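The values are calculated or read from the model by the stated rules, or taken from the named source; none is laboratory data. The structure displayed is predicted, hence computed values, not measured ones. Using ideal geometry, Cβ is built from the backbone for each residue, glycine included, and neighbour counts are taken over all protein chains shown. Remember, those area values only see protein heavy atoms, side chains included, never the ligands or the DNA or RNA. Shrake-Rupley method; radii C 1.70, N 1.55, O 1.52, S 1.80 Å.
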Amino acid sequence: MKREPLFNIPPVIVAVLVVLALIHATRMLLLTSDQDIELLVTFAFIPARYDTSLILDGALPGGFGAGLWTFVTYSLIHADWTHLGVNTVWLLPFGSAVARRFGALRFLAFFAVTAAAGAALHLATHAGEQNPVIGASAAISGTMAAAMRFAFQRGGPLSFLRDNDTAAYRVPALPLTGVLRDPRVIAFLTAWFGINILFGLGSLPITGSDQVIAWQAHIGGFLAGLLLFSWFDPATGESQPDDFGATRH
């Protein structure tokens, strides 16, 4: 009889969660209030950093370098343990599915790209704003979108005709045109965008708090995960000519 592990989580997902937890624990337990503010100013994503019309005179440290790394490093910082816990709950199923398909290195690259895409859309809609953006939600939204490209396929992880654990994550992915024709994917997309629109309108709080949700970053990460999936997908199968000419590699 085949034995399945109780917790079948890819090592790269465990590693990401450990890093996120260690960063937050360091902030909460080791840093002073001033040190924590300095960390946020240096590594959080702050739209004002990219506004050349503002004279910040060193108020936002890091200079040009921070202008590059904060597109990704903001995703490693969380507001509180609840914020981290909610993101963990979503990363475990969707991140695990994508990590099993992509492999560790491709998954980490995908995580960084979707995080950067989320920051870019937030910047486009909040130019000059000085409120810092933190959290892995944009990258996690990207993994949700990526999972939709293969999870519902015949033999995929959410298919009724699933054969085995390994093969389920290697099925040919849906092309973008197929995504827009699959009623299950459409239902997921409708629910996902609807929830984020409610967040944006202020109808739903995050985890019962008054924290503002950077929902545009969620959408940026989601769209990047959906559109750029084939750039990272190593699985063999039919080509996807409608994915911006991307080829499997």
Can you give the Rg to Rh ratio for the range 95-194, taking only C-alpha atoms and Rh from Kirkwood? 1.04
Name the shape class, rounded, prolate or oblate, that the alpha-carbon gyration tensor gives for the range 71-142, where a ≥ b ≥ c are the square roots of its eigenvalues, rounded holds for a/c under 1.5, and otherwise prolate holds if a/b is larger than b/c and oblate otherwise. oblate
Would you please give the residues with an amide H less than 5 Å from that of Phe45, counting only those at least 5 places away or on a separate chain, with H modeled from the backbone geometry? Tyr74, Val133
Leaving out ligands and nucleic acids, note down the accessible area per residue over the range 86-194 with a 1.4 angstrom probe, in whole Å². 43 Å²
Using DSSP to define loop residues, name the chymotrypsin sites (Phe, Trp or Tyr not before Pro) in the range 84-188 whose beta-carbon has at most 10 other beta-carbon atoms within 10 Å. Phe160
Nearest 0.05, what FRET efficiency do Arg181 and Asp34 give at R0 = 41 Å with Cβ-Cβ as r? 0.15
